[in-house]
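Following: one structure in structure tokens, then a few remarks.
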Amino acid sequence: MKRRDFLRATGGSGGAVALGSGVAAGQEGTGTATGTEGGGGGGTTHTVDMTDSLVFDPAELTIEAGDTVVWENVGSVGHSVTAYEDNIPEEADFFASGGFDAEQPARDAYPEQGDIPGGESYQHTFETLGTYEYFCIPHESVGMIGTIEVVEEIEEAAGGGERELHSIGAPIHPHWVGAATILMMFVSLVFTFYVLKYGESPNTGNTGGGD
């Protein structure tokens, strides 16, 4: 085999390896958490939208102890964020837009206090593990209710699903892509070894003089 043909062949194999590596990297990129959510301990900020469709979006949220939730009114209709006093952990602080310490005063004062107009927000940091249920005072009757689950580590609490990691610590699908990349590299090395050992033209071994 001529050197030019050999370089062309091995260059093509190298391109396949590079392509496989690029695909694996792209798959890993799509597996990471998006937005402001993610693991890594307390201090993460999560956003819940309050919409003119009269819903909390998302209505259910899992966070870690020490994380902060920001409720943003992305519409024009006023809302409130008010905890159900009997449906939060016993040791946890009560929370409600308007700064109330109990549920009934928050209900009584709305809308003079506790209303969150369009474009404004309310936030609360959760320190105590457990389940918190809350609602919007003017739209409770139509089901504008939300739930927040506070856990130590999101991955352990998820119990599987899309965030579950493979035993080697990589998402399952990118792991298989990576294995295919390694296989291509191995095939390329075997091909190169075979060409170097057996691929010479019969004429290249002629050491005699003359053409």
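For region 60-74, the criterion of being assigned by TED's automatic domain parsing to the domain that holds residue 146, more than 19 Å from residue 128 (Cβ to Cβ), hydrophobic (A, V, I, L, M, F, W, C) and buried (at least 19 other Cβ atoms within 10 Å of the Cβ) is met by no residue.
Would you call residue 76 in contact (Cβ under 8 Å) with a residue 40 or more places away in the chain and either basic (Lys, Arg) or not in a strand (DSSP E or B) (or both)? Yes. Comparison of 86, 93, 101 shows that the only residue that is over 22 Å from the mean Cα position of the chain (by Cα) and either among the β-branched types (Val, Ile, Thr) or part of a helix (DSSP H, G or I) (or both) is 86.
The values are calculated or read from the model by the stated rules, or taken from the named source; none is laboratory data. Keep in mind that what you see is a predicted model, and the values were worked out from it rather than measured. So basically every Cβ, Gly included, is an ideal-geometry build from the backbone, and we count neighbours across all protein chains shown.
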